[in-house]
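Inspection log for the structure reproduced underneath, given as C-alpha cells.
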Amino acid sequence: MRRTSIWLALVCLAFAVALLAVAQAGKKPGLWEVTSKMTWKQSPTPGGAGGPGGPPPNPPPHSTQVCLTQAMIDKYGGPIPQTHDCKVVNVNKTSTGMTADWVCNGRMSGKGTIESSWADENRTTGKIHFAGTMQSPQGPSRPVEWTNEMTSVYKGSDCGGIKPVE
C-alpha cells in the first residue's frame, strides 16, 4: 500500500509535468495526445519495485489526452503553470523550444530541468530530469532520480468529451 501511494504520487507529478510540456508547445488550443516514458535511476522505495535489491521500475510508455483551452493559453501559457509542491522557474523560451528549472519543496524536494522543443505547432518533444528526495511514509526521506521523456501531438480543435484540466 505504501509503495502504491508513492508511485501514484510520482505518476501524478510526472503527468502534471507532461501537461506543462504541452503548454509550451505551439500554443494551439484543442485536443493533444501526450505520450510519456519515465526512466528511474533511483527509486524512492527500498530495492525499487522489483523487491529488495531489485532495479528501479521503468514502466511502459503512457499516453493520455489533454484538452488545452485558449483561456489556459492566455492566462498561463498552458494548462498548469506550477505543480503541487513544485514551481517552474528560469524559463527561457525560443522560437523552437524552451528550457526551465523545476524546483520542488514539499513531500518531494529537489531540482529538475525541463527541455521542450517543437518543429511545428502540431508536435512537441520534451524531457524532464529530476533529482532530489522524497518523504517516505515509513520514515526518513529517500533519494529519488528520474527522467520523463514526452511527445505531444495535436489531434484537433475539438476536445470531444475530454474536459480541460482545472
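Report, in listed order, any pair from Lys41/Lys127; Lys28/Lys93; Lys41/Lys111 with a Cα-Cα distance greater than 19 Å.
none
If the only charges are +1 at each Lys and Arg Cβ and -1 at each Asp and Glu Cβ, what is the size of the charge dipole of the range 79-166 around the Cα centre, to the nearest 20 debye?
Charge dipole of the range 79-166: 200 debye, to the nearest 20.
Once you place label points 7 Å from the Cα toward the Cβ at Ala71 and Lys37, how far apart are they in nm?
3.7
Residue by residue through the range 138-144, what is 3J(HN,Hα) from phi via Karplus (6.51 cos²θ - 1.76 cosθ + 1.60, θ = phi - 60°)? Round to whole Hz and write x for glycine and proline.
9, x, x, 5, 10, x, 9
Quickly work out the Thr125-to-Lys163 label distance, labels modelled 7 Å from Cα along the C-beta direction, and quote it in nm with one decimal.
Modelled inter-label distance: 3.5 nm.
Tell me the label-point distance for the pair Thr147, Thr64, using the 7 Å Cα-to-Cβ offset, in nm and rounded to one decimal.
Label at Thr147, label at Thr64, 2.3 nm between them.
Every read-out reported here was derived from the displayed coordinates using simple, explicitly stated rules and does not represent laboratory data. In this text, all values refer to a predicted model and were calculated from it rather than measured experimentally. For neighbour counting, all protein chains shown are included, and Cβ atoms are generated from backbone atoms with ideal geometry for every residue, glycine included.
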